[in-house]
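The structure under discussion appears below in the form of structure tokens.
The values are calculated or read from the model by the stated rules, or taken from the named source; none is laboratory data. Please read all numbers here as calculations on a predicted model, not as lab measurements. Ideal geometry is used to build each Cβ from the backbone, glycine not excepted, and the neighbour counts take in all protein chains shown. Calculation scope for accessible area: heavy atoms of the full protein, side chains included, ligands and nucleic acids excluded. Shrake-Rupley method; radii C 1.70, N 1.55, O 1.52, S 1.80 Å.
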Number of protein chains: 2
Amino acid sequence: MQKQVSFEKAYKTKYPEQIVIVVAKDKKGKANPITLGWTMIASYKPFLMAIAVHKGHYSVKCIRHSKCFTIVYPSVDMAKAALFFGEHSGRDTDKLAQFNTRTAPAKKIDSLLLTNAVANFECRLVKQIATGDHITFVGQIATAHINTKKKKRLYSLGTGHKLGAV
Amino acid sequence: MQKQVSFEKAYKTKYPEQIVIVVAKDKKGKANPITLGWTMIASYKPFLMAIAVHKGHYSVKCIRHSKCFTIVYPSVDMAKAALFFGEHSGRDTDKLAQFNTRTAPAKKIDSLLLTNAVANFECRLVKQIATGDHITFVGQIATAHINTKKKKRLYSLGTGHKLGAV
């Protein structure tokens, strides 16, 4: 049986929620990572992925500047990094350097891969749509990468940024 | 370490993937459910949710006709229904009736709730965007409902439509 509740209450049933890290370079060439939960695949042919980024985030500027971004599926051993990337702004911090994150250059776009991740998807920006207080960016996959070792994806397990395996 | 692979291979690292059932009425008033994995929240203020539906699906017609839809978080005990709704077309089947699904009228839109679900989100269509071979529909939440009993959400656990709890 269902009972009517506020969205704030209802949407807490969303867990476990997938986590991605999105990396895009700013105009100085600094690669900036942000941790997001709001993402989906949006097409199979061509391969498109969508992310919703809050309007106020520095990543909006970075993606608009470089017109490309990497969508990273972090592994469970990246939980601390994902938390750090989600809680700090790249406006005045080099988050990847500060967290001593292992990276590699992307192959087809001007961005970075996170080498400890489960997978990396190189995306070229094809659409951006205003969706309320977020911008939904749609990227077309230029190429993709997976970890040579089998690793588990990182999920958000509940309110208060509990991150872990499922 | 990362190795470059096709998107087809890389995107199989997405599991477990959340599952939703989207319900929208066709022009005859028949409520048609479809099971989807490609969905995300797209805004907090106002509350927006996005779904990507393959262009060829009957649900595209239903959503365009009724301009509203319910996004349902199915519970683990709805695995068989979710599989059935995902594998059949509503063009010539009354899927809810055929599966003897428990429903209730939505409160603020012309659609149905699935009463065994973890949660139901009543959405009014606010945007539709062509994304490759899918249409991305954005809905604004009119109201929401949760189950009076604590239930686990249903996930897709791997290729071949393995559905279950995480």
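Does residue A:89 satisfy the criteria of being farther than 30 Å from residue B:104 by Cα, of a type in the set (S, T, N, Q), surrounded by 21 or more Cβ atoms within 10 Å (Cβ to Cβ) and free of Cβ contacts under 8 Å to residues at least 40 places away in the same chain?
Spelling it out, it is not the case that residue A:89 is farther than 30 Å from residue B:104 by Cα, of a type in the set (S, T, N, Q), surrounded by 21 or more Cβ atoms within 10 Å (Cβ to Cβ) and free of Cβ contacts under 8 Å to residues at least 40 places away in the same chain.
Give region B:68-83 a look and list any residue that's open to solvent by 30 Å² or more (accessible area, probe 1.4 Å) and either β-branched (Val, Ile, Thr) or free of Cβ contacts under 8 Å to residues at least 40 places away in the same chain (or both), or say none.
B:76, B:80
Kindly state which strands (runs of 3 or more DSSP E) lie completely within region B:64-166 and contain at least 2 residues that are over 17 Å from residue A:11 (Cβ atoms) and more than 13 Å from chain A (Cβ to nearest Cβ).
Strands (runs of 3 or more DSSP E) meeting the threshold: B:162-164.
Within region B:99-110, is there a residue that is at negative phi and open to solvent by less than 10 Å² (accessible area, probe 1.4 Å)?
no
Go through region A:47-64 and report how many residues are more than 12 Å from residue A:124 (Cα to Cα) and of a type outside the set (Gly, Ala, Ser).
Within region A:47-64, residues that are more than 12 Å from residue A:124 (Cα to Cα) and of a type outside the set (Gly, Ala, Ser) number 9.
Can you tell me which residue is farthest from residue B:83 (Cα to Cα) among those in region B:115-135 that are open to solvent by 10 Å² or more (accessible area, probe 1.4 Å) and of a type outside the set (A, V, I, L, M)?
B:127
Tell me, yes or no, whether region A:97-107 has at least one residue that is of a type in the set (Val, Ile, Thr) and within 12 Å of the chain's Cα centre (by Cα).
no
Taking region B:42-60 only, how many residues are at the interface with another protein chain (Cβ under 7 Å from one of its Cβ atoms), surrounded by fewer than 24 Cβ atoms within 10 Å (Cβ to Cβ) and free of Cβ contacts under 8 Å to residues at least 40 places away in the same chain?
Residues flagged as at the interface with another protein chain (Cβ under 7 Å from one of its Cβ atoms), surrounded by fewer than 24 Cβ atoms within 10 Å (Cβ to Cβ) and free of Cβ contacts under 8 Å to residues at least 40 places away in the same chain within region B:42-60 amount to 2.
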